[in-house]
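The values are calculated or read from the model by the stated rules, or taken from the named source; none is laboratory data. Note that the coordinates shown come from a computational prediction; the quantities given were computed from them, not determined experimentally. No Cβ is skipped: glycine too gets one built from the backbone with ideal geometry, and neighbour counts run over all protein chains shown.
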């Protein structure tokens with residue numbers, strides 16, 4: 001019974017923390033606010049997570065463990081490179097719209113602690129590119145797509161998907177849009193990014 005109660009409390013904490021981190025960011029979030037939202041006192045919160053950083057990592061790992069296997073499944077299924085680009089982009093953007101704190105957290109953590117990526121790689125379902133690399137080489141050889149290395153193609157996919165979320169304030173300032181319009185722009189990117197990349201590599 002106690003274990004179920006512990007799991008339930010921890011779930012409440014992670015949900016509350018996710019909401020606060022999403023609205024306030026890592027720096028703006030306060031442990032007291034997270035405790036209040038979870039319906040517990042601050043001492044109880046510190047019993048589960050002794051620092052904001054540890055709590056942030058737990059929230060992040062929780063979300064990443066949902067995203068990584070999805071992306072890995074797409075990279076390793078039997079669909080064409082074109083379909084992989086469409087599915088990867090659509091899934092990634094849909095997920096990040098729901099978990100907007102993730103890209104900035106990854107970059108912040110990698111800058112602060114380069115060994116952090118080793119922790120991520122321990123995650124079950126961490127994306128594996130081996131099949132993707134072979135498939136790109138094969139489609140280049142067959143003349144389906146223009147000559148490009150799988151690494152460069154993957155970096156292009158990642159960059160076009162990740163950057164707009166990491167640089168949200170910059171993009172909003174440049175394009176002079178409000179939050180609602182920005183969200184719509186991101187929704188549109190589910191197909192825009194895929195079309196842009198596919199058109200750049202497809203042999204016409």
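This table checks each residue for (1) touching a residue at least 60 places away in the same chain (Cβ under 8 Å); (2) in contact with a helix residue (DSSP H, G or I) (Cβ under 7 Å, 6 or more places away or on another chain); (3) in a helix (DSSP H, G or I).
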| residue | (1), (2), (3) |
| --- | --- |
| 16 | no, yes, yes |
| 40 | no, yes, no |
| 77 | no, no, no |
| 90 | yes, yes, yes |
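Out of the residues in segment 92-102 meeting the condition of being part of a loop (DSSP other than H, G, I, E, B) and surrounded by 20 or more Cβ atoms within 10 Å (Cβ to Cβ), tell me which one is modelled with the lowest pLDDT. Break it down stepwise before answering.
Residues of segment 92-102 that are part of a loop (DSSP other than H, G, I, E, B), as a first pass: 99-101.
If we keep only those that are surrounded by 20 or more Cβ atoms within 10 Å (Cβ to Cβ) too, we end up with 99, 101.
Values: 99: 85, 101: 79.
The qualifying residue modelled with the lowest pLDDT is 101.
Number of residues in segment 184-194 that are surrounded by fewer than 13 Cβ atoms within 10 Å (Cβ to Cβ) and closer than 25 Å to residue 138 by Cα equals 0. The sole residue among 105, 126 that is farther than 22 Å from residue 196 by Cβ, in contact with a helix residue (DSSP H, G or I) (Cβ under 7 Å, 6 or more places away or on another chain) and buried (at least 17 other Cβ atoms within 10 Å of the Cβ) is 105. Could you please let me know if residue 133 is at pLDDT 95 or above and out of contact with any strand residue (DSSP E or B) (no Cβ under 8 Å at 6 or more places or on another chain)? Yes, satisfied. Here segment 42-68 is the region considered, the condition is being free of Cβ contacts under 8 Å to residues at least 12 places away in the same chain and more than 24 Å from residue 120 (Cβ to Cβ), and the residue that is surrounded by the most Cβ atoms within 10 Å (Cβ to Cβ) is 42.
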